[in-house]
1. Can you find, within the stretch 147-202, the residue that is surrounded by the most Cβ atoms within 10 Å (Cβ to Cβ) among those that are in contact with a strand residue (DSSP E or B) (Cβ under 6 Å, 6 or more places away or on another chain) and among the charged types (D, E, K, R)?
2. Counting only residues that are surrounded by fewer than 15 Cβ atoms within 10 Å (Cβ to Cβ), out of contact with any Pro (no Cβ under 9 Å at 6 or more places or on another chain) and charged (D, E, K, R), which one in the stretch 270-284 is farthest from residue 300 (Cα to Cα)?
3. If residue 182 satisfies all but one of (1) under 27 Å from residue 19 (Cβ atoms); (2) modelled with pLDDT of 80 or more; (3) assigned to a loop (DSSP other than H, G, I, E, B), what's the number of the condition it fails?
4. Considering only residues of the stretch 41-63 that are free of Cβ contacts under 8 Å to residues at least 24 places away in the same chain and touching a helix residue (DSSP H, G or I) at 6+ places or on another chain (Cβ under 8 Å), which is farthest from residue 250 (Cα to Cα)?
5. Mind listing whichever residues of the stretch 544-563 are assigned to a loop (DSSP other than H, G, I, E, B) and under 16 Å from residue 504 (Cβ atoms)?
6. Failed condition for residue 180, given (1) under 29 Å from the mean Cα position of the chain (by Cα); (2) within 14 Å of residue 355 (Cβ to Cβ), with all others met?
7. Take the residues in the stretch 272-322 that are more than 56 Å from the chain's Cα centre (by Cα) and of a type in the set (Asp, Glu), then tell me which one is nearest to residue 334 (Cα to Cα).
8. Restricting to the stretch 225-243, give me the number of residues that are assigned to a loop (DSSP other than H, G, I, E, B) and farther than 16 Å from residue 80 by Cβ.
Amino acid sequence: MTATRKIFALDIGTRKVMGLIAERRGDRLEVLESETQEHPTRAMSAGQIQDISKVTQIVRQVAQALSRRSGETLKGVAVAVAGRNLKTVVGGAAMDCPKDRGLEACDVEQLTFDALESALRGLGAETAGEQAKIQYVCVGYAVRRYRLDDAVIAQPIGHQGDRFDVEVLATFLPRQVLESQIAVLEAAGLEAESVTLEPIAALQATISQDMRRLDLALVDVGAGTSDIALVSAGAVCAFAMVPYAGDSITERISGDFLLDFNEAEKVKREIARGGSIEAVDLFQQPLRLDGRAVADSAVPAVADLAARIAGGILELSGGKCPQAVLCVGGGSRTPGLLEMLAQALEIPPQRVGIRSPGGMRTFKDLRGGTLGPETATPLGIAEVASMEGGVCFKKVFINDQRAFLLDIGRPLTVLSALMASGVAAKKVFGWPGVSKTYTVNGEFRIFKTRSASAARIELNGAAVDAHTPISQGDRISFQEAAGEATATVGEALGGVRGMLHVNAQPRALPIRACANGRLIEPSQPLVDRMRLTIEAARLRDVLSPAERQSGQFRLNGLAVDLNALVRQGDRVDTIAAPHPKSAPAAAPAARPRYGALFPPQTAPTMTILANGKTVTLKDAGRDAPPLLVDALRHIPIATSVPSGKRLRLLLNGNDAHFTSPLYDGADVRVFFE
């Protein structure tokens, strides 16, 4: 709303509906018109709308009266939601830190939402029973603290440790509370332009920003409930509700003097004037009641109300008394309430008093009336609506469905909107896969899968992520995340096992894995309790089909065939076969001996490890490629096989055969097991 625009504010209370038209001029809000009408029946109870049609009728009458007197066509309206309906719950979650890296943003994010889900479960336990059917949505949260290995830490990203946990303070609101109020407005032909919380509105109208540095309690004593808001260090820190207020005193008078509820309400309002009070009893007989007798009758109910309000304040503040208690609302005028409240809190009586908006320099009543404590909430609603960025709820659309978000001063994002509409965090970020256990060459391992692909989100038609800021009226398109993430054998084995060079070009050394004795592809899904073995890759696994057509292959300078085993850092060269000539084919030449590639005078000498002992193979490769069997003469082996044992041949840690080719630096192990 602009600074010169007239504001229509509406306070829909348990006993009455008050509307006013105000206009901001400079730093002051001027009240131009106001209208108050009471509910003829108990269409509302404890701040909750019970009969939408009857409440709509009163709202429509108030709007029409203001429209006639102001000459304005009233459509947009500023309203407030009862703070009594908010639930604040603490939730927490913990995780084991990754061993091979520091904490990442995704770790912190996922654990934070695990804590939010914990808070929601705690809310479910708290509201079990008579409130089991109430559907709550998260309208805001704040991280209370991060802890790493039981030490509080401000920013956990990048840190390493053993145990990481987070604690959040989440605020929930019953969905039907806001929806029922919106339904009343729409039925009355109005549209909510600004929605705030009643305690925030009352604070705005009665407590200046300078005063909020003090530890104060604001109590809005209405008809059905007494709402409590605590202020400290410049901000509203907590809300609470006591389900007793002016109506409890009215009911006491009704019972003591046999008056119907509406008649008892009139009598209660006359107590402060003193003298005799005229009334009509249940038998339609006129009565003349002594005002002092009526006041004495109300004392137990007033004392009970004061004790309940004091208990609510102390419970909300952790047992600490505020520096002062400020009371607003029509019920704050109840005789004896302020004194009894000070006594219940054990604070000086001068620290409990009525705070009227008329005492604030930021308000002026152009009607010539007085801005009493009962005007605090409607004036605060108008004040919040007149402030740029002052709305405490923002309206957005999620898949064309309206949602209201509580703006508590922290940036609102797409994720805030999705949570407010009841979308679970795992539908945004994907379900983490179930951890799998498996073995690799007999070694037990656990693989923890990552989350599945995140949701597809668009904001006003553009693709965004869940942390993109949002504004009033934004439209969000949301397609939930894919199902549970899966893991592959290749991921479990860590991808490629190293690099080698083929024709002087680097090439990845692939995985050659077997599951339960069968060769499998790395892309195959990892199955729980899978038994994997890694075999040494062969030359044919490394070369392309075209390269495998070459006539000759050299591995680290030695001629080999496609079955040769390769390892990290090996050098492979392919030698193309000569092109056949068109002349008549001659008889095939005899295959040259291996030694022909290396003349006798240059035959290489090869050094290997044989069961940990350095062994030199002289004239290696003179007549044939050196094989593993050539190393056996350097390894003492028992002539008889021990009972129940078998011979194992390992080449560089992998199973090998007697005919496995050797190369310089090979590590050979031969033993019984």
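The values are calculated or read from the model by the stated rules, or taken from the named source; none is laboratory data. Remember, it's a predicted structure, so these values are computed and weren't measured experimentally. Positions of Cβ are backbone-derived with ideal geometry, glycine not excepted, and every protein chain shown enters the neighbour counts.
1. Residue satisfying both the conditions and the ranking: 198.
2. In this case the residue turns out to be 281.
3. Only one criterion in (1) under 27 Å from residue 19 (Cβ atoms); (2) modelled with pLDDT of 80 or more; (3) assigned to a loop (DSSP other than H, G, I, E, B) is unmet by residue 182, namely (3).
4. First pass over the stretch 41-63, keeping only residues free of Cβ contacts under 8 Å to residues at least 24 places away in the same chain: 41, 43, 50-51, 54, 57.
Narrowing the set further to residues that are touching a helix residue (DSSP H, G or I) at 6+ places or on another chain (Cβ under 8 Å) leaves 41, 43.
On the way: 41: 15, 43: 17 Å.
Selected residue: 43.
5. Taking the stretch 544-563 and keeping what is assigned to a loop (DSSP other than H, G, I, E, B), we get 544-546, 550-551, 556-557, 561-563.
544, 550, 556, 557 - these are the residues of the stretch 544-563 that are assigned to a loop (DSSP other than H, G, I, E, B) and under 16 Å from residue 504 (Cβ atoms).
6. Status for residue 180: all satisfied but (2).
7. Within the stretch 272-322, the match that is nearest to residue 334 (Cα to Cα) is 290.
8. Let us first name the residues in the stretch 225-243 that are assigned to a loop (DSSP other than H, G, I, E, B), namely 225, 233-234, 243.
In the following step, the residues that additionally are farther than 16 Å from residue 80 by Cβ were identified as 233-234, 243.
Within the stretch 225-243, residues that are assigned to a loop (DSSP other than H, G, I, E, B) and farther than 16 Å from residue 80 by Cβ number 3.
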